[in-house]
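Below is one structure, written out as structure tokens; comments come after it.
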Amino acid sequence: MRDLLWADNVSFRYAAGAPLVVEGVTVRLADGALAGILGPNGSGKTTLLRLLSGTRRPTSGRVLIGDRPLDQLSRRDAARQIAVVPQETELAFEYRAIEIVLMGRHPHLGVFTVEGPDDIRIAQEALAATGTSHLSDRFFHELSGGEKQRIVIAAALAQLGHSFSAPSVALLDEPTASLDLGYQLEISSLLTRLNQDHGVTMAISTHDLNMAASICRELILMRDGRVLAAGPTSEVLTPDNVRRLYDVEADVHVNDETGHITVLPVRRIDSGSRLPAPGSRGNPA
Amino acid sequence: MSIRRRIAIVVSAFAAFAIAVMIWAPTVGTTSISLARAFDRSIPWHDNVDAQIFFVARLPRVLAGGLVGATLAAAGVVLQALLRNPLATPFTLGVSAGASLGAMLAVTMRLELSVLGITSIPLASFAGSLLATAIVYALASSQRRGLSTNVLLLAGVTLNAFFSALILFVQYLADFAEALRAIRWMMGGLDVASYFPIVAALPFIVISFAAFAMMTRTLNLLSVGAEAAASRGVEIVKAQRLAFVSASLATGAAVSLGGPIGFIGIIVPHLVRLMVGADHRIVLPASALFGAAFLVLCDLAARTLMSPLEIPVGVVTALIGGPFFLWLLVKRS
């Protein structure tokens, strides 16, 4: 499969003189991929997603979509191919769910154009694909966390809708972070379905190793702004890599029948790079 | 119903209301006049007292009220979306304080210049609003990427306080009559005696409204969040700058015409959102039209309630707006 979205040796700092938050990262997302990005807090996952979406430009290196450098595309053209689902969506005003989904059509409309029948149909299909058709006219702020997240995913689908001729990617930043177990499961199966049935290429940053193990076919492990390991999930998700990534001893269990991988964290290792534990002098003997 | 149709119907209804109010308002006053007689072309102009009162004495004031009300309400909508804060007003970012300082200086320094027939107070207040806008803009865009809305807000609030201190200082140095005149200006008033000041403010307001018209859908996205808007195809830096500059320019022009009339920019957008929802493609034009009608009605109350004494219209809007604002605050929390 050909590469759809490709970060080629990108580095990024938020301000001149500030430290690099992403450093020499190369990531390839093939057409149809479902990739997970794992790493501790502050490892650069969110920044990498911003670079991949083109809302930030790398300090060095480049991002390509298809064969075109992303920074040669207008924001509007880029947004037709790359949609982002942010960690949390907080509204200043009381929009209805359908209005949020229709906002996804923004890059397809002219300055004075109003959403037409096609846009509305695409929005309704996106609601249907995320199982939220019944929430269409509800106020967004009245929805539960899981429902909100599904509406925001529907908005991303509406944004990509009808650009199937051109390749399209959804980037999701910790989509299950604030959700309980039931909603986590729901979002996970939704993402799998969207990837398999609707062919949406996805990269998902997450702290949930078990979700990543169950739905992502490939993983990118990030630490301190660099890629620690990348490849097929079964090869990358090893006890050794988990230790290097999080400074945590973990049991990684592979179910022989189903092939499911489960990760059970056992204990924290003090590697010295982390904050010292209370009482310790931060100086491992 | 299609979205286009819904926008057209709602905006037409608000337009009809605004036009009705603005035709009716000039007929009310110490001398009541007949609308039919005022518009009767068969009566010669010099014999038609009703027409003279309507077109010469009262209509300029009503038009000024409509223009100022529409501008303040629309600028309020734009800034609330830009700052993602429904409690923002057109004066939050220092425009009115700059304008007041300018007017204050013009009064106390007895500036008698006039450009194209516009007198020193509106000129100086407009210059003051531009200065305040430039300072806040420079501070907020010293950030690396676009305008920081936090810096915008902090710079605006601080500048408001600083300019207020300067105003008090100038007032302290002024003599009694000057101080009174300046204070009277700051209460806001639509005592417009001719069409000329309206025509002078109009170009700035028209340019700003053209910018507003282009950004309504973008305002929806901005109000969801800058990062999210960027990922949906909005050129954030451009959009934020256009929103801030056009809203400030419009506010400066409106304040130079009517003084810093408070609360219009917050009450009106809120009432409109309660009626029509949050979509800026409807909220923005509906607020402008409702703002026009609202300020004209407040001004009608100002000049008739205690007739022959006239209450400053800024006092009327504040008396309505203050409690309303507090109610809003409590309701939200």
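The values are calculated or read from the model by the stated rules, or taken from the named source; none is laboratory data. These figures come from a predicted structure and were not determined experimentally. Glycine also receives a Cβ, built like all others from the backbone with ideal geometry; neighbour counts cover every protein chain displayed.
In the stretch B:136-151, is there at least one residue being modelled with pLDDT of 90 or more and either assigned to a helix (DSSP H, G or I) or surrounded by fewer than 18 Cβ atoms within 10 Å (Cβ to Cβ) (or both)?
In the first step, residues of the stretch B:136-151 are kept if they are modelled with pLDDT of 90 or more; the result is none.
Within the stretch B:136-151, none of the residues are modelled with pLDDT of 90 or more and either assigned to a helix (DSSP H, G or I) or surrounded by fewer than 18 Cβ atoms within 10 Å (Cβ to Cβ) (or both).
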Practice problem: Output the number of residues of the stretch A:30-45 satisfying the condition of being touching a Ser or Thr at 6+ places or on another chain (Cβ under 6 Å), aliphatic (A, V, I, L, M) and buried (at least 22 other Cβ atoms within 10 Å of the Cβ). | Solution: 1
Quiz item: Of the numbered conditions (1) under 27 Å from residue B:126 (Cβ atoms); (2) in contact with a strand residue (DSSP E or B) (Cβ under 6 Å, 6 or more places away or on another chain), residue B:231 satisfies every one except a single condition; which is it?
Solution: (1)
Quiz item: With respect to the numbered conditions (1) farther than 22 Å from residue A:92 by Cα; (2) of a type outside the set (Lys, Arg); (3) out of contact with any helix residue (DSSP H, G or I) (no Cβ under 6 Å at 6 or more places or on another chain); (4) crowded, with 23+ Cβ neighbours inside 10 Å, which one is the sole condition not fulfilled by residue B:91?
Solution: (1)
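Which residues, counting only those in the stretch A:66-88, are away from every other protein chain (no Cβ under 14 Å) and either among the charged types (D, E, K, R) or touching a residue at least 12 places away in the same chain (Cβ under 8 Å) (or both)? Reasoning before the result, please.
Here is the first cut: in the stretch A:66-88, the ones away from every other protein chain (no Cβ under 14 Å) are A:66-69, A:72.
Scanning the stretch A:66-88 gives A:66, A:67, A:68.
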Quiz item: Which residues, counting only those in the stretch B:48-90, are within 14 Å of chain A (Cβ to nearest Cβ) and either among the polar types (S, T, N, Q) or in a loop (DSSP other than H, G, I, E, B) (or both)?
Solution: B:80, B:83, B:84, B:85, B:86, B:87, B:88
Self-check item: Inter-residue pairs, beta-carbon under 8 Å, first under 12 Å from residue B:252 (Cα atoms) and among the aromatic types (Phe, Trp, Tyr) and in the stretch B:194-207, second at pLDDT below 90 and surrounded by fewer than 13 Cβ atoms within 10 Å (Cβ to Cβ), 6+ apart
Solution: none
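In the stretch B:256-267, is there at least one residue being out of contact with any strand residue (DSSP E or B) (no Cβ under 8 Å at 6 or more places or on another chain), within 12 Å of chain A (Cβ to nearest Cβ) and assigned to a loop (DSSP other than H, G, I, E, B)?
Let us first name the residues in the stretch B:256-267 that are out of contact with any strand residue (DSSP E or B) (no Cβ under 8 Å at 6 or more places or on another chain), namely B:256-267.
Okay, now just the ones that are also within 12 Å of chain A (Cβ to nearest Cβ), so none.
So far as the stretch B:256-267 goes, no, none of its residues is out of contact with any strand residue (DSSP E or B) (no Cβ under 8 Å at 6 or more places or on another chain), within 12 Å of chain A (Cβ to nearest Cβ) and assigned to a loop (DSSP other than H, G, I, E, B).
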Exercise. Return a yes/no flag: does the stretch B:45-52 have any residue that is buried (at least 19 other Cβ atoms within 10 Å of the Cβ) and of a type in the set (A, V, I, L, M).
Key: yes
Practice problem: Determine which single condition residue B:9 fails, assuming it passes every other condition in (1) of a type in the set (Val, Ile, Thr); (2) more than 14 Å from every other protein chain (Cβ to nearest Cβ); (3) surrounded by fewer than 17 Cβ atoms within 10 Å (Cβ to Cβ); (4) in a helix (DSSP H, G or I). | Solution: (2)
Quiz item: Does residue A:92 satisfy the criteria of being out of contact with any strand residue (DSSP E or B) (no Cβ under 8 Å at 6 or more places or on another chain), more than 7 Å from chain B (Cβ to nearest Cβ) and closer than 17 Å to residue B:217 by Cβ?
Solution: no
Quiz item: Mind checking whether some residue in the stretch A:43-57 is within 10 Å of another protein chain (Cβ to nearest Cβ), aliphatic (A, V, I, L, M) and within 23 Å of residue B:226 (Cα to Cα)?
Solution: yes
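Among the candidates B:84, B:110, which residue alone is out of contact with any strand residue (DSSP E or B) (no Cβ under 6 Å at 6 or more places or on another chain), of a type in the set (Lys, Arg) and closer than 30 Å to residue B:278 by Cα? Even if it seems obvious, please write down each step before you answer.
Working: B:110 fails: closer than 30 Å to residue B:278 by Cα.
The unique qualifying residue is B:84.
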Quiz item: How about the stretch A:199-220: which of its residues are among the small types (Gly, Ala, Ser) and touching a strand residue (DSSP E or B) at 6+ places or on another chain (Cβ under 7 Å)?
Solution: A:203, A:205, A:212, A:213
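Regarding the stretch A:29-40, can at least one residue be identified that is among the charged types (D, E, K, R) and in a loop (DSSP other than H, G, I, E, B)?
Yes, there is a match, as at least one residue in the stretch A:29-40 is among the charged types (D, E, K, R) and in a loop (DSSP other than H, G, I, E, B).
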Quiz item: Which one is farthest from residue A:197 (Cα to Cα), of the residues in the stretch A:1-28 that are among the charged types (D, E, K, R) and in a strand (DSSP E or B)?
Solution: A:23
